[in-house]
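Beneath this line is the structure, given in structure tokens, with notes to follow.
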Amino acid sequence: MPAMALAPRPLFAEVLLLTLIGSPAAAQQLGVSFPLADQQTAVAHVAPGQYLRVQLKDGVRTGGPLIQSTPVAFTLGPSIAYSDRDTRLSLGTVDSMWVRVPSTRRGMLLGALLGAAAGLGVGATNSSVCPNNLSVNPCAQGAVTTMVGGLLVGGLAGSMVGSNRSHWRRLLPRDGTGAAVPTGSVAVLTVPDDSIAFDPRALALMRVSRDRLLRLTFGDRGDLGGYVARGGARGSTLDVVSGHPGDAPIPLQSLEAIWERGTAIRTGSAVGVLVGSLAGVIIATQSSGCSAHNNCKTTIFADGVGLGALGYFFGGRVGDWFPQWHRRF
């Protein structure tokens, strides 16, 4: 009797063990991780020549222009602040990384706002900029003309000043650097471990935002659609929303094209500029600002540029409503 009572225990333990280790391959893929994936992704966003500031895990800080990078290490050039010779760093020793980028956009935006405000102030208090030379009072057309002129001049000057200044942008650790939690089937794309350079397909997957829907085209299987849950030089994990990835890892070399679902914001902005500028020219030529006694060139210029700028803004907003696929590889 005692022997019969003890018999179920090994059977229960065996069933429990098989349940734990006998999960499907797709479930095992949820835990797939690639060493140094975050560090590789950070370096993938840096172009050679850009200045990096790096803090190592032992607390040492260094920096310099990026010379070259591989899936396991990168080399920084000489820097007055840190070292007078090249520095080769292993990605596994990096704790945080910052890249210095020009402030061109910030300068252009600030300059355009200040220029437009200054131009509006000049036009609103000065009658000499009115199309009608006989006018003794400030006019709306003159205010618009000087505002548009200030917008262009201020934006250009601000972009030039901003391009000579820079700010630091953090690459590592990333905001929301944790891998996305897969909601369905998972595809694992792998790169041979003996590769000594970045695969262009892996680079494209590392540079794509994790909230962007991708469509992957393969030469030996059907297309897959999904989001990059984790990417690195040795492979990527894709949270699949369409297609059948199968249980086995997919060689990245079989990937023929990477399409990212974006919007038609650029197309909408371009169309908006053209339509707005044309509408501005037509409105200016039909307005009272254009006559035999008025200077029509400034009126056409102001209306064309002003409505073109509005067309750029609203066209981009409209284009953002329409999805468009962009090829990344």
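FYI, it's all coordinate maths here, none of it is from the lab. All of these numbers come straight from a predicted model, not from anything done at the bench. Every residue, glycine as well, gets a Cβ built from its backbone with ideal geometry; the counts of neighbours run over all protein chains shown.
A compact table of results
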read-out	value
5 angstrom amide H check on GLY246, placed H, neighbours 5+ away	none
Phi to ³J(HN,Hα) by Karplus 6.51 cos²θ - 1.76 cosθ + 1.60 over region 106-120, Hz, x for Gly, Pro	4, x, 5, 5, 5, x, 5, 5, 5, x, 5, 5, 5, x, 5
For region 247-255, Karplus couplings with θ = phi - 60° (6.51, -1.76, 1.60), whole Hz, Gly/Pro x	8, 7, x, 9, x, 5, 5, 7, 6
Rg followed by Dmax, in Å, when region 200-329 is reduced to its Cα trace	23.3, 79
Per-peptide average of other Cβ atoms within 10 Å, ordering 231-240, 69-78 highest first	231-240, 69-78
In Hz, Karplus ³J(HN,Hα) per residue of region 208-215 (6.51, -1.76, 1.60; θ = phi - 60°; x = Gly, Pro)	7, 5, 6, 9, 9, 6, 10, 10
